Amino acid sequence: MYYYQLRAFHAVATYGGFSKAARQLNISQPAISDQVRKLEGWFNIRLFERKRRSVVPTELGLRLFELTKRMFELEQEAVELLSESEALRTGSLRMAADTPLHSVNLIGAFREAYPGISITLSTGNADDVLARLFDFNADIAVLADVPDNDQLQFLPLRTDALVAFVNAAHPWANRKSISLKELCTEPMVMREVGSKTRMTLEKELSALDLTYEMALEAEGRATAREAVAAGIGVGVVSESEFGFDTRLRALALSDSKGSMTENLVCLKERAKLRTVAAFWDIAKTHGQ
């Protein structure tokens, strides 16, 4: 009875405005505004705080949004069940990752098997990636060290040690390794708060009662890499993320036990979606 009104409400809450929601549903803005007003009028409630350039769900609106997320997820599952014969010839998959490194090979293998499925990939730190999963803005993710949460399903992909890296002109550039104590004698280029690399390193240093001087807090791996190349300080990444750059040199951390395990992650309630399940099967058989 309220399907069209709830669909309109869900679109506005999802896209943050009536105009964007109208474009997504391919209807006019007055039509979608009317559907939301009807829902509010029937129950004598207010679902949105209308601001000049956006709308924000009220407390009741947020509670309803959690329900409509589940409602339209079930609708999507029902449609997929009824269209099994399409055999994944069309569709889309939204991915989030804390690094593209471990994602692109999987995407390549998936696209080879299912060329009709379009994929979008967004990157960010661990907190960003988890937020996208829980906000239903990503269907699947690649993430280091999954938190203990009953809502999540995960599949380990690979584990790598932490390594330090310096620019080619640094006095350590010709060394093979350094200790954690030596590491702390140099200014550090550290990732932003929320980075799993930073949390792993800081936990290990704290256990050894070691402190460091921060030369720069860098937002993202690319920024950290450029800062180290410019001689601002010493950086730390997982071994597989170091890659190849003639401006930089990697050094093993001789006494470090820290490591980064990359995992494929999804919400358990979305694990049965055909695109997610197919990607999961690819990851199980595809060597990283």
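Residues in the stretch 40-54 carry Karplus couplings, in order, of 5, x, 4, 10, 6, 9, 10, 9, 9, 8, 7, 10, 4, 10, 7 Hz; the curve used is 6.51 cos²θ - 1.76 cosθ + 1.60 with θ = phi - 60°, and Gly or Pro positions show x.
Which FRET efficiency value, to the nearest 0.05, is calculated for S118 and T185 with the Förster distance at 41 angstrom and r the Cβ-Cβ distance? Please list the in-between numbers first.
Working: r = 49 Å, r/R0 = 1.20.
Computed FRET efficiency for S118 and T185 comes out at 0.25.
Based on DSSP H segments of at least four residues, each scored -39500 (n - 2.57), the chain has a per-residue ellipticity at 222 nm of -13000 deg cm²/dmol.
Taking every alpha-carbon pair in the stretch 158-260 and binning the separations at 10 Å intervals from zero gives 16, 57, 26, 1 percent. Loop-resident trypsin sites (Lys or Arg not before Pro) (DSSP state other than H, G, I, E or B) in the stretch 1-92 with no more than 13 further Cβ atoms inside 10 Å of their Cβ: R46, K51, R52, R53, R89. For the stretch 187-288, the list of chymotrypsin sites (Phe, Trp or Tyr not before Pro) that fall in a loop by DSSP and count at most 10 other C-beta atoms within 10 angstrom reads F244. Ordering of 107-114, 12-19 by packing is 12-19, 107-114, highest average first (other Cβ atoms within 10 Å, averaged per residue).
So, counting K/R as plus one and D/E as minus one, what does the shell of residues with Cβ under 14 Å around A8 add up to?
Working: positive: R7, K20, R23, R37, K38; negative: D34, E40.
Result for the local shell: +3.
If R0 equals 41 Å, the separation of the Cβ atoms of R23 and N149 corresponds to a calculated FRET efficiency of about 0.75. For the pair S54 and L210 in one chain, pulling the backbone fully straight at 0.36 nm per residue adds 51.4 nm over the alpha carbon distance. In plain terms, the chain from D135 to R111 could stretch by 6.1 nm, reckoned as 0.36 nm per residue minus the Cα-Cα distance. The residue list S206, S195, G220 was ranked by how far each Cα lies along the charge dipole of the chain toward its positive end, using unit charges on Cβ atoms, and G220 comes out on top.
Note on L62 and F43: their simple-model spin labels are 1.7 nm apart, each label 7 Å out from Cα toward Cβ. Label zone of S259 (point 7 Å out along Cα→Cβ, amide N under 14 Å): in the stretch 225-242 this covers 238-240. Largest first and in whole Å, the equivalent-ellipsoid semi-axes of the stretch 98-176 read 30, 18, 12, each the square root of five times a Cα gyration tensor eigenvalue. Filter K196/K268; K203/K284; K69/K284; K51/K268; K38/K268; K196/K272 down to the pairs with a C-alpha to C-alpha distance above 26 Å, please. As for pairs spanning more than 26 Å Cα to Cα, those are K203/K284; K69/K284; K51/K268; K38/K268; K196/K272.
For a protection proxy built on the mean count of beta-carbon atoms within 10 angstrom, sort 97-103, 132-138 highest first, please. Could you put the intermediate results ahead of the total?
Working: 97-103: 22.9, 132-138: 16.9.
So the order, starting with the most tightly packed, is 97-103, 132-138.
Using mean Cβ contacts within 10 Å as the protection proxy, how do 173-185, 248-260 order, highest first? If you can, show how the numbers build up before the last one.
Working: 173-185: 15.0, 248-260: 17.3.
The most tightly packed comes first, giving 248-260, 173-185.
The distance separating the Cα centre of the stretch 151-189 from that of the stretch 190-239 comes to 9 Å.
Coordinate-derived values only; no laboratory data. Worth saying up front: this structure is predicted, and the values here are computed from it rather than measured. Methodologically, a virtual Cβ is constructed for each residue, glycine included, from the backbone with ideal geometry; neighbour enumeration extends over all protein chains shown.
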